[in-house]
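Asker: The structure is given below, and queries will be raised subsequently.
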Amino acid sequence: MGTVGWWSLVRFAHVTGAVLWVGGQLALSLVILPLARRLLAPGAKDRFTAAAGRRFGMLTGAVFLPVQLGTGWAMAWHRGVTWASLAEPGYGRTLAAKLALFVIVMIAAAGHGIAQAKGRQELARALAVVSLVGSLGVVLLATALPST
Amino acid sequence: MRSKTDDLTAGGTRPPSRFKASGQRGRHLAAHALVAAWAALALLAASERQTLPVARWLAIHLFLLGAATTAIVVWSEHFAVAMLHTRLPDRRWSNTRLAGVNAGVAGVLTGVWADLPALTGAGCALLIAAITAHLVVLVRMGRGALGGRLAPIADYYRAAAAALLVGAVLGWLLATGRGGPRHYTGLELAHVHITLLGWIGLPVLGTLFMLWPTVLGVRMAERTTRLARRVLLLTGGGLLTAVAGLAAGQRPAAVLGMTLYAAGVVVTGYLFARTPRRSPAVSAAAAWMLAAAMGWLVIGVIADLGLLTARPLAAVQEDLGTLVPVLLVGLVAQVLVGALTYLLPVVLSSGPKERAALRAVLERYWPARLAVLNLGVALMALPLPGPAGTAGGPLAGAAAAAFLALVVAVLVRGRRGPSRTADGSGAARRPVLWGTAAGAVVTVLAVLVANSGGDTGGSDVAAGAAGAGSGVTRTVAVTLAHMRIRPARIEVAAGTTLRLEVTNSDAMRHDLKVEDGPATPMLAEGHTRTLDVGRITGNREAWCTLPGHRAAGMAMSIVVTEDTGSSSGTDAAGAHDHDHGSMAAASDGGLDLSADFSAGWRPRDAALAPVPGGTLHEVELRAAHTEVEVAPGVKQQMWTFGGSAPGPTLHGKVGDVFEVTLVNDDTGMGHGVDFHAGSLAPDKPMRTIQPGERLVYRFRAERAGAWLYHCSTSPMLQHMGNGMYGAVIIDPPGLKKADHEYVLVSSELYLGTPGSTAQVKKMRDDTPDAWVFNGIADQYSQRPLKAKAGERARFWVVAAGPSDGIAFHIVGTVFDTVYKEGAYLLRPDGPGGSQVLDLATAQGGFVETVFPAAGHYAFVDHDMRHAEAGAHGMVEVSD
């Protein structure tokens, strides 16, 4: 096959998933939620933000996570990454750091959902920002990985 | 409290109380969150120290330049307002300055860490701009201010800001390598002193004058104001002298300056010790910590003074490696902890009750933390072996981390205070700030982990790859010294498995990191470590990872050569052999002749001394091992007559008698001497004498000429190849006086351990590392001989070998006189001219020429392999 092969499609799915997730978070927290806070009445605002958060969370769990994990796993297999090679300096360690950061981001995102459900607004917001900044960090580390 | 602040900012007439002045609770919260974040990052970097050499630098600078600097900028402004009884500077500009300082620091740290000199420069410029603004604000505050009893303390803050400006410029010079390798030691010492003792030490001293009685809860002594002024003169003036002395490499000035500084510190300590105590103190925790910090300052300054007095600067720089952490934790961290324990509750609380609550949090377990921290510092300071020596850092770190956790708790609690109700939008913004900070911290941590290559794990991998290699292994000796790596270039055939035997022969510590490969740990002077680089398939760089060292020139390149045929053959033959820069002969590699000679190096005087009076010349020649700088930045163990290679030149007239006393000062090696100028039976006066023996050797110079003398002990190839040769000049009768008379002994230079297989192999193969005039490669290229246009110069040349002769030529001139091996081949009155004096090994003669006009006349061995590898000099002719 030519330059655009099956593996580029896999990588495309991985990158697009990340773009949508990070972009979605940015759009939510920079555009939609501030506007909602300003324009909606307090009751409507709370319902809107809760619904928006739930929907984004569902998308994350149902689509984003499986796609990222699946394509990521496939690319690692394709490149011959082993558990042992994750400790090596260079590619392995960068990938390991990226995965660890991703896990932290996901924990923060999950924590955000839980805190929101329990009505702890401040903690929820802080965790949402941790998740956003952390996912930018994941993207930074991803760009540091040589193409696979 | 808020209304009081409003009064102040509006009217500015009522003098504020000492500490409650600002009331800028939000600002203090944000600033101390920053301080805590920097400190946390510093702790992280400190815990990474084993794997990342740059992490030590980062840890120090994250703490001092990040945490301490932010705290000093905030508090010096705060206190200056209080001391001078003036109004608060514009809050927006204050925030801008603080942001500028922090952005600048972040730029500098990232720039050095990621090796981006442009970012380092930009960060430095921003930091300097922000601190200049800070200084301007501090100076302007003094104008028209009411001034108070404690006004002189503001001068401490001004002096400190000026010190940081100097320190930042010095730091920039160091980090970007612009100071040059020669001045590195002095500049680094100056940088450490002015930042640690100036930017941090002066505000600490100044603030303590007022803070010490405050935490004790007693009145300030009457003489404090007067004393504060005097101590500033002592410490500030002393520091200025010391830093100027260090930067210029003048040790006496540095010692004088540090003596003054130490005097100032001791006087202050005495004042504090004499301050009456009250029981209970306002904050016993703060008092104890400040006292301990003051104690470490006194110890540190006196230790530094002692080191400067007793040891050369290069050694002091190494010793500061232990002293800096002691001051950093014992003084700076402890002062921060102590001062914040008292001050944070004051600025963050809105009433006595809340203040007490916050103070209770910050003073939690303080006796234990105080003990652990100071035990840690003491362990760091003492040269203890084994685990006791290494436990100090973690102990102090644990105590610092514990306080950090308490500060975070107080900041979080302070955030929940009345400000939430007062300022709704501020409260809404705070979780975003916290989230951003936390996210940034985990990201930085992840990037740190991702970039932590080149430790032992990496070298294992490379070694594994080496085992699978083609089987051709080359070991190259690499020397780290004088901010250079020798050889600067290694050429290998593709596929060669390369091992580097890295030796640090510098007083300063260095390491060597190979691009995408392993790195040595920090090597102290004289330490050696073998690096398995693995199979070389592409060009690689290697460098010293200490910040600024690479930029200053500590880099080498490993270059893959195309022709695998011939070079892999010799590689195979020399497998596991140590070739120390032998590539010099074959290519441009090996010696870096364009580098600088080290400071204090002098060329050998090429001028021929006139014949001494009388007909009997008594000479003592001592044979010994001597270390000589034989090429720019390259020191080599030579075997010498009279302490130099070539040995001293003997000059006389026909018929003169030379009485030479040969003394063998060497250990474990016999030497003899053979004067070609005399005719004697080889087995008696030319015999080899053993170490400690002496032998008188007498000969009459019956015939004129330029003669060789050399060691007569076998193997002569080695004795001569390592430097045991010299010239005897016997003037032919009627020799006219020339304007300049020079003597040049040409020879080959073989680097490496004298007598080692590798070195002897080079001698046998006649593949020297350089060809030299008077023993040192390119010495007269860097320090030209001087003459004037129209002057006549006579060059005596002796080819000492041991294997090669010379084709002596001076570019741009024609010889009108040639005298070779006792006969004139050409005289000025003849019609002919000569271009080259050709001498076989051990022959000698002279040529004369007149320099036609001003200019630079190169003299060379016209065998261009030799000329381009060291047999090159220059005559600078002026009008």
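Asker: When the chain is fully extended, how far beyond the present Cα-Cα distance does B:Gln690 get from B:Thr667, taking 0.36 nm per residue of separation? Could the numbers behind the result be given before it?
Answerer: On the way: separation 23, 0.36 × 23 = 8.28 nm, distance 0.87 nm.
Between B:Gln690 and B:Thr667, full extension yields an extra 7.4 nm.
Asker: How shielded is A:123-133 by partner chains, expressed as the average number of their Cβ atoms within 10 Å of its Cβ atoms? Before the final figure, lay out each step's value.
Answerer: Details: counts 3, 2, 7, 10, 5, 4, 10, 11, 3, 4, 9.
Mean partner shielding for this stretch: 6.
Asker: With the crude spin-label approximation of a point 7 Å out along Cα→Cβ, what separation in nm comes out for A:Trp83 versus A:Leu140?
Answerer: 3.0 nm
Asker: Compute the FRET efficiency between B:Ala681 and B:Glu702 as 1/(1 + (r/R0)^6), taking r as their Cβ-Cβ distance and R0 = 22 Å, and round to the nearest 0.05.
Answerer: So the FRET efficiency works out to roughly 0.90.
Asker: With only alpha-carbon pairs counted, each pair once and no self-pairs, how large is the Kirkwood hydrodynamic radius of chain B in angstroms?
Answerer: Numbers: mean 1/r = 0.0318 Å⁻¹.
Result for chain B, one decimal place: 31.5 Å.
Asker: Please report, in whole Å, how far the alpha carbons of the stretch B:42-147 spread along each principal axis, starting with the longest.
Answerer: 54, 27, 18
Asker: Going by average Cβ neighbours within 10 Å, how do the peptides B:786-797, B:122-133 rank, with the highest at the top? Don't skip to the answer; put the middle values down first.
Answerer: On the way: B:786-797: 17.8, B:122-133: 19.8.
Top of the packing list down: B:122-133, B:786-797.
Asker: Another question about this same structure. For B:Glu821 and B:Ala125, what is the calculated FRET efficiency with R₀ set at 60 Å and r taken between the beta-carbons, to the nearest 0.05?
Answerer: Details: r = 66 Å, r/R0 = 1.10.
The formula returns an efficiency of 0.35 here.
Asker: Amide H neighbours of B:Ala631 under 5 Å, at least 5 residues apart or on other chains, H built in the peptide plane: list them.
Answerer: Distant-sequence amide H within range of B:Ala631: B:Ala777.
Asker: Where does the protein assembly as shown land at 222 nm, in deg cm²/dmol rounded to the nearest 500, when only DSSP H runs of n ≥ 4 count, each adding -39500 (n - 2.57), divided by all residues? Let's see the in-between values first.
Answerer: Values: 32 runs with 512 residues, N = 1027.
So the calculated ellipticity at 222 nm is -16500 deg cm²/dmol.
Asker: Quote the relative contact order of the stretch A:91-148 in percent (integer), defining contacts as alpha-carbon pairs under 8 Å separated by 6+ residues.
Answerer: Working: 48 pairs, mean separation 28.4, N = 58.
Computed value for the stretch A:91-148: 49 percent relative contact order.
Asker: Also, I was wondering about something else. Assigning unit charges at the beta carbon (Lys, Arg +1; Asp, Glu -1) and nothing else, what dipole magnitude in debye, to the nearest 20, does the stretch B:726-813 show about its Cα centre?
Answerer: Computed charge dipole of the stretch B:726-813: roughly 280 debye.
Asker: Further, regarding this structure: What is the Cα coordinate range of the protein assembly as shown on the first, second and third principal axes, sorted by size from largest, in whole angstrom?
Answerer: Each principal axis gives a Cα extent; for the protein assembly as shown these are 116, 87, 55 Å.
Asker: Let me ask something else about it. Taking amide H atoms as placed 1.01 Å from N in the peptide plane, list the residues 5 or more away in sequence, or in a different chain, whose amide H sits under 5 Å from that of B:Arg792.
Answerer: Under 5 Å from the amide H of B:Arg792: B:Asp739, B:His740.
Asker: Per residue of A:87-100, count partner chain C-beta atoms within 10 Å of its C-beta, then hand back the mean as an integer.
Answerer: Details: counts 2, 5, 15, 8, 2, 4, 7, 7, 1, 3, 9, 4, 1, 5.
That average works out to 5.
Asker: Let me ask something else about it. Just to be sure I understand the model, the point goes 7 Å from the Cα along the line to the Cβ. What's the resulting B:Trp93 to B:His856 distance in nm?
Answerer: Label at B:Trp93, label at B:His856, 5.2 nm between them.
Asker: If you don't mind, there's one more thing I want to ask. Enter the angle in degrees (range 0 to 90, nearest 10) between the Cα long axis of helix B:201-216 and the first principal axis of the Cα atoms of chain B, meaning the one along which they spread out most.
Answerer: 30 degrees
Asker: Using Cα-Cα distances under 8 Å and only pairs 6 or more residues apart, what relative contact order does chain B have, in percent?
Answerer: Values: 1779 pairs, mean separation 63.1, N = 879.
With pairs under 8 Å counted, the relative contact order is 7 percent.
Asker: Could you list the residues of the stretch B:473-515 with an amide nitrogen less than 19 Å from a label point located 7 Å from the Cα of B:Arg764 in the Cα-to-C-beta direction?
Answerer: B:475, by backbone N distance to the label point.
Asker: Have a look at B:Met83, B:Thr195, B:Leu826 and report the one farthest towards the positive end of the charge dipole of chain B, computed about the Cα centre with Cβ charges (Lys/Arg +1, Asp/Glu -1).
Answerer: Farthest towards the positive pole: B:Met83.
Asker: Related question: For the pair A:Ile114/B:Val560, report the inter-label distance in nm, with labels modelled 7 Å from Cα in the Cβ direction.
Answerer: 5.2 nm
No lab work stands behind these numbers, since they all come straight from the coordinates. As the structure is a prediction and not an experimental result, all values here were calculated from the model. Don't worry about glycine lacking a Cβ; one is built from the backbone with ideal geometry, like all the others, and counts go over all protein chains shown.
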